[in-house]
Amino acid sequence: MPAEPRTEEAPFGLLEGLDEPGPLVGILIGSESDREAMDPALAELDERGISHELRVLSAHRDPRGVAEYATTAQIRGVRVIIAAAGMAAALPGVAAAYSDLPVIGVPLRSSKSDGGGFDSLLSIVQMPPEVPVACVSIDGARNAAILASRILAQGGGYSPA
Ligand code: RP5
């Protein structure tokens, strides 16, 4: 009797996207509605000649997609992740949970929220011990890119155990 075809999904992070070399900076946004707010980050990275990619991945609507991206980013060559989201901004924290890369969170002022961006700011800075996320100001896309460039400029000298 022939073997049953395997139907279960491959464990995320093992196969997805590994054949696609990555840039130095991976930018994640939680929604298409966040794209415009991150334009200054893309412009700054372009200005500095730093390769980057932007993916729309929601921590709440597509948690598996975020996990897949974060687990494969480093092996693809990504060295810093910038993650931007508004409202209950779980995206930077989830990226940091699945990757040892430095993650810079950008809290966004969503027009759909009454929180003025403070909701997102608090969501990003209140990470528990052992899962660090750096956080720039509300709508601080440009500073996130500048910080990423400074991290990239540091080179080696230390390897985590
Ligand atoms: C967040 O909710 C997103 O990052 C965005 O800032 C906000 C609204 O998302 P949409 O409803 O516009 O997709 O998760």
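The values are calculated or read from the model by the stated rules, or taken from the named source; none is laboratory data. Keep in mind the model is a prediction, meaning the values are calculated, not measured. Reconstructed Cβ throughout: ideal geometry from the backbone, glycine too, with neighbour counts over all protein chains shown. Just so you know, the surface numbers come from the protein's heavy atoms only, side chains and all, with ligands and any DNA or RNA stripped out. Shrake-Rupley method; radii C 1.70, N 1.55, O 1.52, S 1.80 Å.
Suppose we keep only residues that are near the ligand (Cβ under 7 Å from one of its atoms) and in a loop (DSSP other than H, G, I, E, B) within the range 29-42. Which one would you say is farthest from the chain's Cα centre (by Cα)? Quick ask: steps written out before the conclusion?
Filtering the range 29-42 for residues near the ligand (Cβ under 7 Å from one of its atoms) gives 29-34.
Then drop every residue that is not in a loop (DSSP other than H, G, I, E, B), which leaves 30-31.
On the way: 30: 9, 31: 12 Å.
Filtering first and then ranking leaves 31.
Condition first: farther than 17 Å from residue 141 by Cβ and within 10 Å of the ligand (Cβ to nearest atom). Now tell me which residues in the range 88-118 satisfy that.
Selection gives 88, 90, 112, 113.
Can you pull out the residues in the range 90-127 that are surrounded by 20 or more Cβ atoms within 10 Å (Cβ to Cβ) and modelled with pLDDT under 95?
110
Could you please let me know if residue 26 is open to solvent by less than 20 Å² (accessible area, probe 1.4 Å), at pLDDT 95 or above, assigned to a strand (DSSP E or B) and not aliphatic (A, V, I, L, M)?
Numbers: open to solvent by less than 20 Å² (accessible area, probe 1.4 Å): yes; at pLDDT 95 or above: yes; assigned to a strand (DSSP E or B): yes; not aliphatic (A, V, I, L, M): yes.
So residue 26 passes the test.
Mind counting the residues in the range 43-70 that are surrounded by fewer than 19 Cβ atoms within 10 Å (Cβ to Cβ) and in a helix (DSSP H, G or I)?
The total comes to 7.
Open to solvent by 40 Å² or more (accessible area, probe 1.4 Å) and under 16 Å from residue 23 (Cα atoms), is that true of residue 153? Reasoning before the result, please.
Details: open to solvent by 40 Å² or more (accessible area, probe 1.4 Å): yes; under 16 Å from residue 23 (Cα atoms): yes.
Yes: the conditions hold for residue 153.
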